[in-house]
Amino acid sequence: MKSQFDALFGIHATALPIREARGRILAANLANADTPNYKAKDIDFRAAMLKQRGEAGDLPNPSMKLTNKNHIAGFDGTISTADYLRYRNPTQPSLDGNTVETHIEKAKFMENGIQQTMTIEFLNDEIRGISAALKGN
């Protein structure tokens, strides 16, 4: 079910907190580039957006119930960005077990920053338009 925010701001109001969380995760990857056995992580942005917008798509069905003790436990109805964390497979594994490749993490961090800036600019433009309409300009 779409809210009034969806009508005003589209997917951008939903995308902003996910992009912010992704930025923190990518920054943690860069900060741990020299930590032995640290595994680089990222958010499955598409899956997080679908869930936040209530469009389950290929995600686990929240209405599934265990009706038999032999069923495999699945989705329990709770969700957080941790549910969308994925480990990144390195192209060149290091000897100490660290999977952070700084050149890739920097590129992903910059890409996420640009996308976050675009989202903020879109929201600002929409707010300015609404404000101008309310003032009668």
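No value in this document is a laboratory result; all are computed from the given coordinates. The structure presented is a predicted model; accordingly, all values stated were derived computationally and were not measured. Cβ placement follows ideal geometry from the backbone for every residue including glycine, while neighbour counts extend to all protein chains displayed.
Filter region 98-137 for residues that are touching a Phe, Trp or Tyr at 6+ places or on another chain (Cβ under 8 Å) and within 17 Å of A28 (Cβ to Cβ); which is surrounded by the most Cβ atoms within 10 Å (Cβ to Cβ)?
Filtering first and then ranking leaves V100.
Within region 27-48, can you find the residues that are in a helix (DSSP H, G or I) and among the hydrophobic types (A, V, I, L, M, F, W, C)?
The initial filter retains those residues of region 27-48 that are in a helix (DSSP H, G or I), namely 27-31, 45-48.
Across region 27-48, the qualifying residues are A27, A28, L30, A31, F45, A47, A48.
From the residues in region 82-137 that are of a type in the set (K, R) and in contact with a Leu (Cβ under 8 Å, 6 or more places away or on another chain), which one is nearest to E20 (Cα to Cα)?
That would be K108.
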